């Protein structure tokens, strides 16, 4: 399964890389103007996420959801747990109900394809990897991010060898097909909202291909029982 996933991801990546040339970090106002809705409500979203953290053991690890991701999720014995609300158009009704503020914004924002609350254990390292599909972008909103001795966010995203620190209420829109890795350099849990959002400003044929790929991923999510 892992080999099939890698081959499929590489094939899709080559198609998009040949046609779309944008930097690792993109302007949210241009590519995801609805980001402001999540930023405005970030404290309420944070409260919902922290309530879930009180029953952390009920939230699955990433590799329990997608075994082919064990290499980056189960690599060091420390947890990366994901509370999935939506996967490529397929909503997880029970989880949506547990986060009414977040669910309301997600449901009323058509460009949001996937929505997940990410819980990164203390000292967790997510190794360097790349996403498969440049037809979507990753939006990250810091919800509960520990700080280091210098007052900086202690969780670090290295994206295309550039360091980014996304603190509480701060956000970043980025292309996860660039090489990236993450460290939680603290002894506290880091909580963030991760969204996959539809890429704007693509040629029509790429938009058609993207819709087909998004639909197929949503069908796989339903088949796996995620939604």
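The values are calculated or read from the model by the stated rules, or taken from the named source; none is laboratory data. All values reported here derive from a predicted model rather than from experimental measurement. With ideal geometry, Cβ positions are generated from the backbone for all residues, glycine too; neighbour counts draw on all protein chains shown.
Of the residues making up the stretch 80-96, none is without any contact (Cβ under 8 Å) to a residue 40 or more places away in the chain, out of contact with any strand residue (DSSP E or B) (no Cβ under 9 Å at 6 or more places or on another chain), closer than 29 Å to residue 163 by Cβ and surrounded by fewer than 16 Cβ atoms within 10 Å (Cβ to Cβ). One residue is enough: does the stretch 40-50 have a residue meeting the conditions modelled with pLDDT of 95 or more, farther than 24 Å from residue 111 by Cβ and not in a strand (DSSP E or B)? Yes, the stretch 40-50 contains at least one residue that is modelled with pLDDT of 95 or more, farther than 24 Å from residue 111 by Cβ and not in a strand (DSSP E or B). Of all residues in the stretch 107-132, those satisfying the criterion of being in contact with a helix residue (DSSP H, G or I) (Cβ under 8 Å, 6 or more places away or on another chain) and either crowded, with 22+ Cβ neighbours inside 10 Å or part of a strand (DSSP E or B) (or both) are 112, 113, 115, 117, 119, 126, 127, 129. For the stretch 52-63: of the residues being assigned to a helix (DSSP H, G or I) and in contact with a helix residue (DSSP H, G or I) (Cβ under 8 Å, 6 or more places away or on another chain), which is surrounded by the most Cβ atoms within 10 Å (Cβ to Cβ)? Here the answer is 62.
Yes or no: the stretch 180-189 includes at least one residue that is within 30 Å of residue 150 (Cβ to Cβ), touching a helix residue (DSSP H, G or I) at 6+ places or on another chain (Cβ under 8 Å), surrounded by 14 or more Cβ atoms within 10 Å (Cβ to Cβ) and modelled with pLDDT of 70 or more. Yes, the stretch 180-189 has at least one match.
Checked against the criteria, residue 163 does not count as out of contact with any helix residue (DSSP H, G or I) (no Cβ under 6 Å at 6 or more places or on another chain), more than 25 Å from residue 208 (Cα to Cα) and surrounded by 15 or more Cβ atoms within 10 Å (Cβ to Cβ).
Restricting 100, 146 to residues that are in contact with a strand residue (DSSP E or B) (Cβ under 8 Å, 6 or more places away or on another chain), over 25 Å from residue 30 (Cα atoms) and modelled with pLDDT of 95 or more narrows the list to 146. Only a single item in (1) surrounded by fewer than 16 Cβ atoms within 10 Å (Cβ to Cβ); (2) within 17 Å of the chain's Cα centre (by Cα); (3) on the phi > 0 side of the Ramachandran plot is not met by residue 77, and it is number (2). Can you confirm whether residue 25 is buried (at least 18 other Cβ atoms within 10 Å of the Cβ), within 20 Å of residue 182 (Cα to Cα) and at pLDDT 95 or above? No, not satisfied.
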